[in-house]
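Enquirer: I'd like to ask you about the structure that follows.
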Amino acid sequence: MASVADRITNTMAARGPGAWVCTPRDFLDIGSRDAVDQALSRLVKAGTLRRIGCGIYDMPRFSGVLGRPAPADIDAAVSALARRDGARIMPDGMAAANQLGLTNAVPAKSSYVTDGRSRSLQIDGRTVWFRHGRPQIMQWAGRPAAPVVQALEWLGPAAAGAQIVAKLRRRLPDEVKDDLRQKIDDVPGWAVPLARDIVSDQASVA
């Protein structure tokens, strides 16, 4: 029978180096917490895994360009934290707007909103910020239209106008539009008319 360390290694390798971040909680189905902790410690010492933060690990991918292990995937690390803590976490509004092509602004720091407490964490030598988000926004976590709502919230009434609506109507896939349509009453009040135009056949925003 394979050891706990072997089973952890096989699971991480199957996901692909650099592609997935784990916590001890992810392996409690294959051993006790003490056994999992000891196995992870041995794998880090052996160089098979890398500890990138408090209780979070990855299997590093070697970068030929950098000539060393590539930086950890911060989004994958945040997903691991969400699984471990039972929290909902989403990228902040600027990141969502950038992802949707609504702004060229790039966040100067890794920032997320969460239904957990506000805090900052060190992940692979980088500071990652978590800000407690309003329930009205956090209820969208995990839904296809979450980035749209996040982006509109970040842009605000002054910037989210006809051009933004036109871009989103052209670019959003039907799955996202359908999700937005189904929960349109949960969009921040000022953005409801914009959301209706985004999912309609013809925009009416002046």
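The values are calculated or read from the model by the stated rules, or taken from the named source; none is laboratory data. Just so it is clear, the structure is predicted and the values come from calculations on it, not from any experiment. All Cβ positions, glycine included, derive from the backbone under ideal geometry; neighbour counts span all protein chains shown.
Enquirer: Quickly run through the range 20-48 and pick out the residues that are surrounded by fewer than 18 Cβ atoms within 10 Å (Cβ to Cβ), touching a helix residue (DSSP H, G or I) at 6+ places or on another chain (Cβ under 7 Å) and either of a type in the set (Lys, Arg) or not in a helix (DSSP H, G or I) (or both).
Expert: Keep residues of the range 20-48 that are surrounded by fewer than 18 Cβ atoms within 10 Å (Cβ to Cβ), which gives 25, 28-30, 32-35, 37-38, 41-42, 44-48.
Those still in the list that are touching a helix residue (DSSP H, G or I) at 6+ places or on another chain (Cβ under 7 Å) too: 25, 28, 30, 33, 35, 37, 42, 48.
Within the range 20-48, Arg25, Leu28, Ile30, Arg33, Arg42, Thr48 qualify.
Enquirer: Next question, about the same structure. Do you know which residues across the range 49-65 are in a strand (DSSP E or B) and closer than 15 Å to Pro17 by Cβ?
Expert: Arg50, Ile52, Tyr57, Asp58, Phe62, Ser63
Enquirer: Now for a separate question. How many of the residues making up the range 66-112 are surrounded by 14 or more Cβ atoms within 10 Å (Cβ to Cβ), part of a helix (DSSP H, G or I) and of a type in the set (S, T, N, Q)?
Expert: Qualifying residue count, the range 66-112: 2.
Enquirer: Another question about this same structure. Hey, any hits in the range 138-153 for a residue that's more than 30 Å from Arg68 (Cβ to Cβ), touching a Gly at 6+ places or on another chain (Cβ under 8 Å), surrounded by 13 or more Cβ atoms within 10 Å (Cβ to Cβ) and in contact (Cβ under 8 Å) with a residue 60 or more places away in the chain?
Expert: Checked the range 138-153: at least one residue is more than 30 Å from Arg68 (Cβ to Cβ), touching a Gly at 6+ places or on another chain (Cβ under 8 Å), surrounded by 13 or more Cβ atoms within 10 Å (Cβ to Cβ) and in contact (Cβ under 8 Å) with a residue 60 or more places away in the chain.
Enquirer: While we're looking at this one, here's another question. Can you tell me which residue in the range 159-171 is surrounded by the fewest Cβ atoms within 10 Å (Cβ to Cβ), limited to those that are of a type outside the set (Lys, Arg) and without any contact (Cβ under 8 Å) to a residue 60 or more places away in the chain?
Expert: Taking the candidates together, the pick is Gln163.
Enquirer: Hey, another quick one. Being free of Cβ contacts under 8 Å to residues at least 40 places away in the same chain, more than 25 Å from the chain's Cα centre (by Cα) and not assigned by TED's automatic domain parsing to the domain that holds Ala146 is the requirement here; does Ser63 meet it?
Expert: no
Enquirer: Tally up the residues in the range 7-48 that are among the acidic types (Asp, Glu) and under 21 Å from the mean Cα position of the chain (by Cα), please.
Expert: Of the residues in the range 7-48, 1 are among the acidic types (Asp, Glu) and under 21 Å from the mean Cα position of the chain (by Cα).
Enquirer: Within the range 124-135, identify whether any single residue is part of a helix (DSSP H, G or I), in contact with a Leu (Cβ under 8 Å, 6 or more places away or on another chain), buried (at least 20 other Cβ atoms within 10 Å of the Cβ) and free of Cβ contacts under 8 Å to residues at least 60 places away in the same chain, and answer yes or no.
Expert: No, because not a single residue in the range 124-135 is part of a helix (DSSP H, G or I), in contact with a Leu (Cβ under 8 Å, 6 or more places away or on another chain), buried (at least 20 other Cβ atoms within 10 Å of the Cβ) and free of Cβ contacts under 8 Å to residues at least 60 places away in the same chain.
Enquirer: Determine whether Asp179 is crowded, with 18+ Cβ neighbours inside 10 Å and at positive phi. Give the derivation first.
Expert: Values: crowded, with 18+ Cβ neighbours inside 10 Å: yes; at positive phi: no.
No.
Enquirer: Within the range 56-65, which residues are of a type in the set (Phe, Trp, Tyr) and buried (at least 18 other Cβ atoms within 10 Å of the Cβ)?
Expert: Our first condition is that a residue be of a type in the set (Phe, Trp, Tyr); within the range 56-65, this holds for 57, 62.
Hit for the range 56-65 is Tyr57, nothing else.
Enquirer: Please work out which residue is surrounded by the fewest Cβ atoms within 10 Å (Cβ to Cβ), limiting yourself to the range 1-19 and to residues that are out of contact with any helix residue (DSSP H, G or I) (no Cβ under 8 Å at 6 or more places or on another chain) and in a helix (DSSP H, G or I).
Expert: Here the answer is Ala14.
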